[in-house]
Each structure stands twice: as structure tokens, then as C-alpha cells.
Amino acid sequence: IIAPERQTTPVVFSSPHSGRVYPADFLVQSQLDPHALRASEDAFVDELFSGVADLGAPQICAQFPRVYLDVNRDPLELDPTMFEDALPERADTTSARVLSGIGTIARIVGNDQAVYKTRMPYSEAKKRLESCYFPYHKALQDLINQTVERFGTCLLVDCHSMPSPHHSNFHTPKGQRAEIVLGDRWGASCDRSITEITERTILSMGYSVRCNTPYAGGYTTQHYGQPDTGVQAIQIEIDRSLYM
């Protein structure tokens with residue numbers, strides 16, 4: 001958590017996918033080399049937004065990598081084909097993300113490369129949830145609660161990046177590729193006026209922008225964005241070619 005000396009604005013920034021500390025035991029379990037594993041990172045997004053503390057807003061960043069554990073998923077969004085024993089009954093084994101191989105613990109990375117050599121016991125998933133997933137979300141919830149307590153409201157900005165080649169077919173009305181995609185769950189996670197202000201600001205900086213296509217917001221946006229309770233959440237995806 002990168003905290004300002006004093007929080008002066010009711011905004012919290014999160015970067016769940018920029019972690020790049022790869023546990024040694026995970027590298028042994030994987031059949032891929034460390035460079036290939038990094039394909040799923042939202043590379044350096046934590047650094048892109050690191051200036052927010054100087055503007056009076058806290059920032060939380062996952063240091064563990066997304067391919068190890070994805071905190072922008074339901075905790076039990078797990079692929080049963082990856083495990084040698086049974087999953088808990090409440091596990092979500094049929095979500096679109098699980099079926100695509102990118103559940104809470106990813107089955108594939110990059111161009112459909114299988115991550116693991118063999119199946120793992122569910123106890124391994126439970127260990128990762130207990131050591132990384134739940135502490136991350138507790139810390140994020142605490143930041144949101146503290147912000148609401150101080151200001152009466154909170155805007156959560158969930159920060160991501162997207163690989164350009166996969167999004168070359170998503171164009172703005174003017175025919176340009178969208179360089180930044182905003183997601184507010186089609187208005188469910190964030191008051192539309194906030195999304196519109198964000199969109200106008202991005203356009204004024206010279207970038208092309210789309211809303212909710214192809215990304216409407218993930219678990220974090222859906223779970224925390226509850227406008228009726230004073231908590232707004234918006235997701236931002238930045239084309240990686242803008243900075244890499």
C-alpha cells in the first residue's frame with residue numbers, strides 16, 4: 001500500500017495484475033520459463049499510477065503475479081481439470097473465465113501455453129487464497145471503509161493494461177483503435193457522470209477511448225462498486241503500446 005501523508009480525496013487506486021514477485025515453489029511447479037510466465041502481467045501499471053499518493057490518494061498493488069493468483073476473480077473461480085482432488089461444492093467451475101483457462105488460478109498464459117507440469121492438490125489453491133487473496137481484499141476493503149468513514153463516499157479506480165494485438169479490432173466511432181477502455185459494468189458499478197467526466201478527460205489528453213467494450217469491469221468492479229452505498233468503482237484499461 002502506497003499511502004499519502006494525508007488522504008485528501010475520496011479516491012482509492014488498485015493495481016491487482018502488475019505483481020512481478022514469482023514464488024520459487026511456483027516456478028518449480030510451472031513448465032514455462034519465467035519470461036513466458038510474465039505474459040499475463042499488466043506490466044508496470046503500478047508505476048504508471050504511482051503518483052497518486054502525491055495527489056492525496058492511496059494505492060494498493062498486488063506484488064504476487066496474476067498467473068500465480070488472480071485477485072480480480074471470485075475466490076473459488078477454479079478449473080477442476082487442474083486439480084487432483086475435489087474442489088469445494090461452492091466452487092464456480094463453469095464461469096467464462098474458468099472455461100477460457102484464466103480463473104483465479106490460471107491454467108494457461110500467453111498464447112494458450114499450459115502453465116503447470118501436473119495437476120495440483122486443492123490445498124495448494126487454499127494456501128494461495130489464504131496467504132494472498134484474502135489479505136489483499138481485506139486491505140482493499142479497509143482502504144474503502146476508511147475513505148467512506150472520512151469523506152462519506154469512495155471512488156475505487158481499478159487499474160489495468162491491455163495487450164494491443166488482441167484489441168486492434170475494437171475501434172472508436174472515428175475508426176481509431178481504442179487506446180483506453182473504461183468499464184463501469186454498463187452503469188451498475190459507477191454513476192454515469194463519473195464515467196463521462198473520465199472519458200472527457202482522456203479525450204482532452206488526445207487519447208481514443210471506449211466504454212465497456214471489450215472490458216466492462218471484472219470482479220473487483222462488480223464486487224465493490226455499489227453506488228447505492230456510496231462506493232463507486234470504475235475500471236481503466238490502458239493500451240500497453242502507449243508506454244512499452
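The values are calculated or read from the model by the stated rules, or taken from the named source; none is laboratory data. Predicted, not measured: the structure shown is a model, and the values here were computed from it. For the accessible areas, the whole protein counts, side chains as well, though only heavy atoms, and no ligand, DNA or RNA atoms are used. Shrake-Rupley method; radii C 1.70, N 1.55, O 1.52, S 1.80 Å.
General remarks:
- Only helices enter this figure: runs of n ≥ 4 DSSP H residues, each worth -39500 (n - 2.57), summed and divided by the residues of the chain, yield -6500 deg cm²/dmol at 222 nm to the nearest 500.
- P(r), alpha carbons of the chain - 10 Å bins starting at zero, rounded %: 7, 30, 36, 21, 5, 0
- Ligands, DNA and RNA left out, the accessible area of the chain computed with a 1.4 Å probe is 53% carbon and sulfur.
- Bridging of K117 to aspartates and glutamates at a Cα separation below 20 Å is possible for D25, D33, D70, D79, E84, D85, once same-chain residues fewer than 8 apart are set aside.
- DSSP-defined antiparallel bridges as percent of all bridges, the chain, nearest 5: 35
- Measuring nothing but how far apart in sequence close Cα pairs (under 8 Å, 6+ apart) lie, relative to its length, the chain scores a relative contact order of 21 percent.
- GNM remark for the chain: springs join alpha carbons under 10 Å apart, and the peak mean-square fluctuation among A216, A188, A114 falls on A114.
- Top of P163, P75, P88 by mean-square fluctuation, Gaussian network on the chain, Cα under 10 Å: P88
- For the range 226-237, backbone phi angles converted through the Karplus equation (6.51, -1.76, 1.60; θ = phi - 60°) give residue-by-residue couplings of 10, x, 5, 9, x, 10, 9, 9, 9, 9, 10, 10 Hz, Gly and Pro being listed as x.
- Think of a 1.4 Å ball rolled over the protein heavy atoms: the range 1-133 then has 48 Å² of accessible area per residue.
- 5 angstrom amide H check on L156, placed H, neighbours 5+ away: V12, Q232, A233, I234
- Highest-MSF residue in the chain out of R210, R185, R200 [GNM, Cα springs under 10 Å]: R200
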